[in-house]
Structures are given as structure tokens and as C-alpha cells.
1. Return the pairs, sorted by first residue and then second, in which the second residue is at pLDDT below 95 and of a type in the set (D, E, K, R), the first residue lies in the stretch 119-148 and is under 17 Å from S98 (Cβ atoms), the beta carbons are less than 9 Å apart, and the residues are 6+ apart or on different chains.
2. Please work out which one of (1) outside any helix (DSSP H, G or I); (2) at pLDDT 95 or above; (3) of a type outside the set (K, R) is the condition G194 fails and give its number.
3. For the stretch 218-308, which fully contained strands (runs of 3 or more DSSP E) count at least 1 residues that are within 19 Å of D195 (Cα to Cα)?
4. (1) crowded, with 22+ Cβ neighbours inside 10 Å; (2) at pLDDT 95 or above; (3) out of contact with any Ser or Thr (no Cβ under 7 Å at 6 or more places or on another chain): which one isn't true of A334, the others all being true?
5. Considering only the stretch 71-94, state which residues are more than 13 Å from the chain's Cα centre (by Cα) and closer than 27 Å to A244 by Cα.
6. In this structure, does E179 turn out to be modelled with pLDDT of 95 or more and farther than 20 Å from N289 by Cα?
7. Between A201, A205, which is crowded, with 21+ Cβ neighbours inside 10 Å, modelled with pLDDT under 95 and out of contact with any Pro (no Cβ under 6 Å at 6 or more places or on another chain)?
Amino acid sequence: MIRSRFLAGAALAAAATLSLTACATDAEPTAAGGVDAATATSLADFGTLADLEAAAKAEGALNVIALPRDWANYGEIIDLFAERYPEITITEASPDASSAEEIQAAENLAGQDTAPDVFDLGLAVALTSTDYFAPYKVERWDDIPDALKEESGLFVGDYGGYMAVGYDPDAVPAPESLEDLLGEEYRGKVAINGDPTQAGAAFAAVGMATVQNGGDLDDFQAGIDFFEELNAAGNFVKIDPTPATVASGETPVVFDWDYLNNGYAAELDGQRNWEVVVFDGTGYAGYYNQAINKDAPNPAAARLWMEFLYSPEVQNLWLKGGARPVLEQAMVEAGEIDEELYAALPEAPADTVVPTAEQSDAAATLLGERWATAVQ
């Protein structure tokens, strides 16, 4: 999973602020079912969900990108969409691509019927890529916390979790703090999920290291310093973790989202022991964001996919994958949450941080300037 992709309550919503100015789309309108789907900004533009479904079926295709099937239960979610809409052929491109590579694909394939219709992005990339997005507000828009959605609908948080450390207890002692990972026992064994200048999970790993290493989200230098020290000690291994690298023992310690690390444990049950820890102290949380390509070759199908993802049924499927759905609080209040799955979530840290848009921008700039040198 090269691709590096929460709602612990009001603390998370208060921690993030997305207040971007709406960007106009210059996509050519695409007629579908009598509606210019490419310019539709809500379900009301189509009329009803049935009307949107008809328009999407008329297009007959949906192009998704960078959605690993073992990522937060995406496989089951994609299969459910295919089962519900057999008239729509889903093309799953580059499942291991990073968030930055999704945007590059949209640029490279602009005007072609193979271009991505939708994106799933880390916040840092979403913030710098709004020129590629078409504004759209799903039917459950009002149930999404304001702090987790761009105000005009250009992108919106969907699922997330806490940055955690997964480890093989048969290969290393259980780490109890960030500092433990600098020890001799971890030589050549600690990996992160991707490049933090491109991939959301790797970006978050540096963010978590920042707040666990005496810094704060206004300046990621403390996190960069930790990984520089980890690299100098010979403990940082530059291998993107996958279930295969965990199973083979190449990456016995992995910084990744808690739901992905828990996914390793489930997938490798019987092959490899795998434990997951969220360190005491400040927890680092984050959401992945959905957006529609303004040049989507299948604009109605793209909007149907968005409505599908923000339905209670699919929000519960994120929960099944160990991730925290963005509609969590609204679904609890409405009695729509899967109580058994919800109860199985680990307790959230008492102190949680989420970077704001401004902090993410500053961190991305700093990482672009200093990351490669720190870990070369």
C-alpha cells in the first residue's frame, strides 16, 4: 500500500478548520439524462436519487483511482456499488498510487475517457489541488461537521483514524514511546507508508512524530528531526510497507493509520503476529477526503459514487474496516450506527490534534524543502 491515505468527537471537529474560497469549474457540461451532470452541485440538480441513478447508468462507467481493496474496507465498498449498479462498469486504476499521483493522472489524462472521475486524497494534497475539483454537496452535507468539509463542496472528509505504530512482537520488543524506536533492537526495521511529500499516511507519520517529539503542528521540524535521527541510527528502512513486506519480515515496525495497521493484523492472522499501539500523550488524527474531477468523463456516475459513499450503509462499512466515518455523530444520534462495530473501536486519546489547512500547507512546504536531505 504505497498510497498513503476521524471522528473522535467534538475535539476533532474543533481542531480542523477548512474555510477555502469556492473555485469555479471550467469543465464542459456533459448531458446525462437531460441534466448537465458536469455542472450539478447537488442531488437537487438531478431531481431525485432515482434520476441521478438513471443518468449514471446511461453513462455506464465509473473510473476510480488509488483505492487499494485492503484499505479501510474499500474492496467491499467497491463490490457493493458494482452489485447495486451492474449497468456501471467500474475501472480501478493504480490502486497503489499516492494522493499526489492521483492529481497527476487527472492532469495527464485530461479529456480522455480513462481519466479519473473521483479522487480520495489526504488533506495536504486536497488543499493544493482545488483547481481540479468540481463542487458538489451530498444529500447528507448538513450532517458532516463544518470543520471537515470545504465550504463550497470542492472536497469533503469521509473516513479516518489515528496515526499508530504496528509491530511484530516476535521480532521487536513492544515500543511504548517514540524514543524506544531509536534503540538498537529496531535497527533496519522501522518503515512509514510512503513519501511524506506525496502520501497522506507518511505525512501524518511525521506529524505524529512532531507532537510526540516536543513540537506542535505549527512547525513539523521536530518530526523531521526524529526521522533524521532514526535514519542516522540505521533504524529507518526505506521500504513502503504492504501485507507482503510485513509477512516476509522486511517491515516489522510500521507507522500507519490505526485501521490499516489493524488490517495487517487481520489479513496476516495465522501467518504473522501483529500488534498495534497508539502512543500515550497527544494523538494525531486525520481524515481522507473525497472530491470529483471537474473534467470527469462520467460526471453523473462520479456524483452517484459520492452519494453512495455518504450513505449510512457505506459509512458503516468504513466502520467495519476499522475507520471512523465522518457521519459518526449524526448516525449515533439517528440510531443508524452499527452498535457492535462502533463499540469495537479503540478508545480515542484524551488529547487529539488535527492540522488545520494553514498548518498542513506550512508542513507540506517544509517537508518539500527538508525531508529528502534528512533521510538521504
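1. D120/R3; D120/R5; L121/R5; G122/R5; A124/D361; L127/D361; T128/D361
2. Among (1) outside any helix (DSSP H, G or I); (2) at pLDDT 95 or above; (3) of a type outside the set (K, R), G194 violates only (2).
3. Strands (runs of 3 or more DSSP E) meeting the threshold: 253-257, 282-293.
4. With respect to (1) crowded, with 22+ Cβ neighbours inside 10 Å; (2) at pLDDT 95 or above; (3) out of contact with any Ser or Thr (no Cβ under 7 Å at 6 or more places or on another chain), A334 is out only on (1).
5. At the first step, the residues of the stretch 71-94 found to be more than 13 Å from the chain's Cα centre (by Cα) are 75-94.
Those that are more than 13 Å from the chain's Cα centre (by Cα) and closer than 27 Å to A244 by Cα: G75, E76, I77, I78, D79, L80, I90, T91, E92, A93, S94.
6. When the stated conditions are applied, E179 passes them.
7. Within the list A201, A205, the selection yields A201.
So that you can scan it fast, the table gives a plain yes or no per residue for (1) surrounded by fewer than 24 Cβ atoms within 10 Å (Cβ to Cβ); (2) closer than 24 Å to F155 by Cβ:
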position: Q221; (1), (2): yes, no
position: F226; (1), (2): no, no
position: A247; (1), (2): yes, no
position: D256; (1), (2): no, yes
position: G270; (1), (2): yes, no
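The values are calculated or read from the model by the stated rules, or taken from the named source; none is laboratory data. Treat the numbers as computed from the prediction; the structure is a model and nothing was measured. We place every Cβ from the backbone using ideal geometry, glycine too, and count neighbours over all the protein chains shown.
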